[in-house]
Amino acid sequence: MTAPLIEARGLAAGPRERPILHDIDMAVRPGEIVTLVGPNGSGKTTLLRALIGALRPSRGRVVRKRGLRIGYAPQRLHVDPTLPLTVSRFLGLGRGGRAEVERAAGRTGIARLLGQQIAELSGGELQRVLLARALTRRPELLILDEPTQGLDQPAEAAFYELIEAVRDQTGAAVLMVSHDLHVVMRASDRVICLNGHICCEGAPARVSEMPEYRALFGPGTRGALALYRHEHDHRHDQGGPA
């Protein structure tokens, strides 16, 4: 089996007495698309932050391939609408030079937007720009935090097709967070269901039949999250918010 690009080993994050995440063992290997799914507050963004080094685990560790290049696209970008910042200049703020900016813009279909102000972009355009900026680093691993948040379903489907195309063109692995299971299950090689810990994981077709997955998402919900708690989660709830 190919060595992982990045992996978590016994990872916990948050206060030791009530961690947001605990007992996380997972890995991402070259070229695969892995999607994290789970309810709000399940620790998806916390896990991404721990993996990229923005958050120090309270237990366990993160192991990265030596010299691993990571491209990261955050959940949202707050830009002062009065700030004069074009797409071209924004992309140039990364580590990539002009050639990398143009290559990333071509791959994500935003070449026509390079002269436009960031504050004037639609939601779908901004997500493509964030993806392009992540690509300017020539990443071996793309980490995307809810890249389709706020998009309608056709725009979501188009964006996931773009991610697959980028993976095929660059060979980069992708780890992303999403809530839309109806679309994600078709676009992922592997799905990890998270709810403070890993409830289940595997190929989409296999995971969709698992009782843990059905408890999280319910049958026939087309991706809408159902209420789900393990016994330990009920105990946490009784002690206050996690």
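Before moving on, here are some points about what is shown:
- Compactness of the chain as Cα Rg over 2.2 N^0.38 Å, two decimals: 1.03
- The simple Förster model, with R0 at 30 Å and r as the Cβ-Cβ distance, assigns Leu83 and Arg112 a FRET efficiency of 0.90.
- Distance cut-off 24 Å, percentage of C-alpha pairs in region 32-172 lying past it: 32 percent
- Only helices enter the 222 nm calculation for the chain: every DSSP H run of n ≥ 4 contributes -39,500 (n - 2.57), and dividing by all residues gives -10000 deg cm²/dmol, rounded to 500.
- Region 1-113 - Rg and Dmax from Cα coordinates, angstrom: 17.4, 51
- Length gained when the stretch Arg69-Ala119 is fully extended (0.36 nm per residue, less Cα-Cα span): 15.2 nm
- With the whole protein complex present, Arg206 retains an accessible surface near 150 Å², based on a 1.4 Å probe.
- Contact order normalised by residue count of the chain, Cα under 8 Å, 6+ apart, percent: 25 percent
- With N the number of residues in region 136-217, Rg(Cα) / (2.2 N^0.38 Å) evaluates to 1.13.
- In nm, spacing of pseudo-spin labels at Ala158 and Arg138 (7 Å Cα→C-beta vector): 3.1 nm
The values are calculated or read from the model by the stated rules, or taken from the named source; none is laboratory data. This is a predicted model, so every value here is computed, not measured. Glycine gets a Cβ as well: all are built from the backbone with ideal geometry, and neighbour counts include every protein chain shown. Each accessible area value is taken on the protein alone, full model and side chains, heavy atoms only, with ligands, DNA and RNA left out. Shrake-Rupley method; radii C 1.70, N 1.55, O 1.52, S 1.80 Å.
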